[in-house]
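*Asks:* Shown below is the structure under consideration.
The values are calculated or read from the model by the stated rules, or taken from the named source; none is laboratory data. No experiment lies behind these values; they were computed from the predicted model shown. Here the Cβ positions follow ideal geometry from the backbone for every residue, glycine too, while neighbour counts run over all protein chains shown. The accessibility values were calculated without ligands, DNA or RNA, using every heavy atom of the protein model including side chains. Shrake-Rupley method; radii C 1.70, N 1.55, O 1.52, S 1.80 Å.
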Amino acid sequence: MTTRTESVDTPAGEARITWHTAPKARLVLAVSHGAGGGIEARDLQALAADLPARGITVALVEQPWRVAGKKVAAAPKVLDEGWRGLWPALTGSGLPVVAGGRSAGARVACRTAGELGAAGVLALAFPLHPPGRPEKSRAGELTGAGRPALVVQGGRDPFGRPEEFPEPAGEHPYELVEVAHGDHGFAVPKKAATTQEETLRTITEAVGEWLARLPG
């Protein structure tokens, strides 16, 4: 695996891609962070460390607002604009690209996957609704992605527990993997039956197996 960082100009400002390149890649997984953190998130780092050995190049995307040092995420329309602007850099190798992200980044991937021709969508900790506000559902973004999708969701995520998600349906029904005891950041309590390391392994295995089933 080789690692390099690339800056990309977008209509929303400068974005940054940290490439974790597989020696003989069959596809690219591009994943962005959420509104409350960056690419240092434990799940994103675990995927970048694990997947290149499986033939998956991982591109960790820092959105323009984060690169600019702002503490508050841009509006959804601006986030989508930035993602569209960096998409050509992600597809430059000619390999299929799976669009992904955690939390707000997952929403961006879902909203733009169809128009950009993503090979699939990976939604980590999809924010189904604001905490305590299940009536404010964002399920339509997920079900309307129009691409094969995998949702990886913590069992105690206040933004939407696995049992709250709608039944998958349609031409591309999404798959959902529950991460037992995980919160919105996939942190598990010390008293949980599984360790943090085992939790991250659950995530990387689920994502790796799902990606292996996608057309290369």
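*Asks:* Out of everything in the stretch 11-21 that is in a strand (DSSP E or B) and of a type in the set (A, V, I, L, M), what residue ends up being surrounded by the most Cβ atoms within 10 Å (Cβ to Cβ)?
*Replies:* We begin by selecting, within the stretch 11-21, every residue in a strand (DSSP E or B); these are 13-21.
Add one more test, that the residue is of a type in the set (A, V, I, L, M), and what stays is 15, 17.
Working: ALA15: 24, ILE17: 19.
Looking at residues that are in a strand (DSSP E or B) and of a type in the set (A, V, I, L, M), I get ALA15.
*Asks:* Pull up the stretch 149-167, narrow it to residues that are among the acidic types (Asp, Glu) and either in a helix (DSSP H, G or I) or touching a Pro at 6+ places or on another chain (Cβ under 6 Å) (or both), then point me to the one that is least open to solvent (accessible area, probe 1.4 Å). It would help to see each step written out before you state the result.
*Replies:* Quick first cut of the stretch 149-167, residues among the acidic types (Asp, Glu) only: 157, 163-164, 167.
So of that shortlist, the ones also either in a helix (DSSP H, G or I) or touching a Pro at 6+ places or on another chain (Cβ under 6 Å) (or both) come out as 163-164.
Working: GLU163: 124, GLU164: 61 Å².
Top of the filtered list is GLU164.
*Asks:* All but one of (1) modelled with pLDDT of 95 or more; (2) touching a strand residue (DSSP E or B) at 6+ places or on another chain (Cβ under 6 Å); (3) surrounded by fewer than 18 Cβ atoms within 10 Å (Cβ to Cβ) hold for THR3; state the number of the condition that does not hold.
*Replies:* (1)
*Asks:* Is there a residue in the stretch 190-212 that is touching a Leu at 6+ places or on another chain (Cβ under 8 Å) and assigned to a loop (DSSP other than H, G, I, E, B)?
*Replies:* In the first step, residues of the stretch 190-212 are kept if they are touching a Leu at 6+ places or on another chain (Cβ under 8 Å); the result is 203-204, 206-208, 210-211.
Adding the requirement that they be assigned to a loop (DSSP other than H, G, I, E, B) leaves none.
No: zero hits.
*Asks:* Still on this model: In the stretch 128-143, which residues are closer than 26 Å to GLY114 by Cβ and either of a type in the set (Gly, Ala, Ser) or touching a strand residue (DSSP E or B) at 6+ places or on another chain (Cβ under 7 Å) (or both)?
*Replies:* Once the filter is applied, which keeps residues that are closer than 26 Å to GLY114 by Cβ and either of a type in the set (Gly, Ala, Ser) or touching a strand residue (DSSP E or B) at 6+ places or on another chain (Cβ under 7 Å) (or both), the stretch 128-143 yields SER137, ALA139, GLY140, LEU142.
*Asks:* Considering only the stretch 22-77, how many residues are part of a helix (DSSP H, G or I), open to solvent by 20 Å² or more (accessible area, probe 1.4 Å) and closer than 16 Å to ALA119 by Cβ?
*Replies:* So the count comes out to 1.
*Asks:* Another question, if that's okay. May I ask you to say which residue of GLY170, GLY216, GLY146, GLY140 is at pLDDT below 95, assigned to a helix (DSSP H, G or I) and either farther than 20 Å from GLY38 by Cβ or in contact with a Leu (Cβ under 8 Å, 6 or more places away or on another chain) (or both)? Break it down into steps so the answer makes sense when it comes.
*Replies:* On the way: GLY170 fails: assigned to a helix (DSSP H, G or I); GLY216 fails: assigned to a helix (DSSP H, G or I); GLY146 fails: assigned to a helix (DSSP H, G or I).
That would be GLY140, the only listed residue that is at pLDDT below 95, assigned to a helix (DSSP H, G or I) and either farther than 20 Å from GLY38 by Cβ or in contact with a Leu (Cβ under 8 Å, 6 or more places away or on another chain) (or both).
*Asks:* Can I ask one more? Which members of the stretch 94-107 meet the condition of being surrounded by fewer than 24 Cβ atoms within 10 Å (Cβ to Cβ) and of a type in the set (A, V, I, L, M, F, W, C)?
*Replies:* Those that are surrounded by fewer than 24 Cβ atoms within 10 Å (Cβ to Cβ) and of a type in the set (A, V, I, L, M, F, W, C): LEU95, VAL97, ALA104.
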